[in-house]
Amino acid sequence: MNIPNKLTLLRITLVPVCLLLAGYDQYIPAAVVFVLAAVTDALDGRIARKKHLITNFGKFADPIADKILVLSMMIVLCHEGLLPVWLPVILVFRELMVDGLRMVAAEQGRVIAAGWSGKVKTVSQMVLIVYALVLGNGTLTLILSILVAALTLYSGIEYFWKLRDLFKKDLGI
């Protein structure tokens, strides 16, 4: 197993640690572990591309690891009252829609790489989680949550806009 795949697995194993720490009100330690997990996200892709270590496992596990990390932490932070409940709902909606779109595209032989807005979306979500863990809930947390929701929706819309031709015949356009 190569280093990028090990980093992805490390990120997945750090999720329960983050959840337990946050669930027991250990927010600063949870933030530290979460940042470590987020760093593995940045490193695994960079190393895989630079060293030509891209694998099918990595293509599969890396985005899932990101979603597990972000969504599970957001759900716990909602439970703790640190994030609005509607935020992970928007994230789940976007992820399901984009994953469905990717499946339709794959059936037609089209591979959809992550765009810049998807990367910005993920980074903004991670920053919000760290902010909420360290500084708690307040007006700025709500403003950041709205911004993250907007970026999340925008990145989903961008995927659909780029692939709108997949549905032209079905919609009679």
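Based on what the data block shows, is Pro16 in contact with a Ser or Thr (Cβ under 9 Å, 6 or more places away or on another chain), surrounded by fewer than 18 Cβ atoms within 10 Å (Cβ to Cβ) and either farther than 18 Å from Val123 by Cα or without any contact (Cβ under 8 Å) to a residue 24 or more places away in the chain (or both)? Here the answer is yes, as Pro16 does meet what is asked. Among the residues examined, Pro84 qualifies as surrounded by 14 or more Cβ atoms within 10 Å (Cβ to Cβ), of a type outside the set (Lys, Arg) and within 20 Å of Thr141 (Cα to Cα).
What number of residues within region 7-60 are of a type in the set (Lys, Arg) and farther than 28 Å from Val134 by Cβ? Residues in region 7-60 being of a type in the set (Lys, Arg) and farther than 28 Å from Val134 by Cβ: 4 in total. Confirm whether Val134 is surrounded by fewer than 16 Cβ atoms within 10 Å (Cβ to Cβ) and touching a helix residue (DSSP H, G or I) at 6+ places or on another chain (Cβ under 7 Å). In short, yes. Is there a residue in region 104-122 that is surrounded by 14 or more Cβ atoms within 10 Å (Cβ to Cβ) and under 27 Å from Tyr24 (Cβ atoms)? Checked against the condition, which is being surrounded by 14 or more Cβ atoms within 10 Å (Cβ to Cβ) and under 27 Å from Tyr24 (Cβ atoms), region 104-122 yields at least one hit.
Only one entry in Ile143, Ile129 is loosely packed, with under 12 Cβ neighbours inside 10 Å, of a type in the set (Val, Ile, Thr) and under 25 Å from Leu87 (Cα atoms), namely Ile143.
Which members of region 104-148 meet the condition of being small (Gly, Ala, Ser) and farther than 25 Å from Leu43 by Cα?
Residues satisfying the conditions are Ala105, Ala106, Gly109, Gly136, Gly138, Ser145.
For first residues located in region 58-69 and over 17 Å from Ile47 (Cβ atoms), partners that are part of a helix (DSSP H, G or I) and among the small types (Gly, Ala, Ser) and lie 6+ apart or on another chain with Cβ distances below 7 Å form the pairs Leu69/Ala37. Within region 82-112, the set of residues being closer than 25 Å to Leu135 by Cα and free of Cβ contacts under 8 Å to residues at least 12 places away in the same chain comprises Val85, Val89.
Considering only region 154-161, I want to know if a residue exists there that is assigned to a helix (DSSP H, G or I), closer than 26 Å to Gln26 by Cβ and β-branched (Val, Ile, Thr). Scanning region 154-161 turns up no residue that is assigned to a helix (DSSP H, G or I), closer than 26 Å to Gln26 by Cβ and β-branched (Val, Ile, Thr).
Given the structure, is Val98 surrounded by 12 or more Cβ atoms within 10 Å (Cβ to Cβ), within 16 Å of the chain's Cα centre (by Cα) and farther than 28 Å from Phe167 by Cα? It is false that Val98 is surrounded by 12 or more Cβ atoms within 10 Å (Cβ to Cβ), within 16 Å of the chain's Cα centre (by Cα) and farther than 28 Å from Phe167 by Cα. The conditions of being touching a helix residue (DSSP H, G or I) at 6+ places or on another chain (Cβ under 7 Å) and over 23 Å from Val39 (Cα atoms) are met by Met97. Residues in region 131-173 that are small (Gly, Ala, Ser) and modelled with pLDDT under 90: 1 in all. When you look at Ala42, is it closer than 21 Å to Lys119 by Cα, small (Gly, Ala, Ser) and in contact (Cβ under 8 Å) with a residue 12 or more places away in the chain, yes or no? Considered against the rule, which asks whether it is closer than 21 Å to Lys119 by Cα, small (Gly, Ala, Ser) and in contact (Cβ under 8 Å) with a residue 12 or more places away in the chain, Ala42 comes out as no.
The values are calculated or read from the model by the stated rules, or taken from the named source; none is laboratory data. Because the structure is predicted, anything quoted here is derived from the model rather than measured. As a convention, Cβ positions derive from the backbone with ideal geometry for all residues, glycine included, and neighbour counts pool all protein chains shown.
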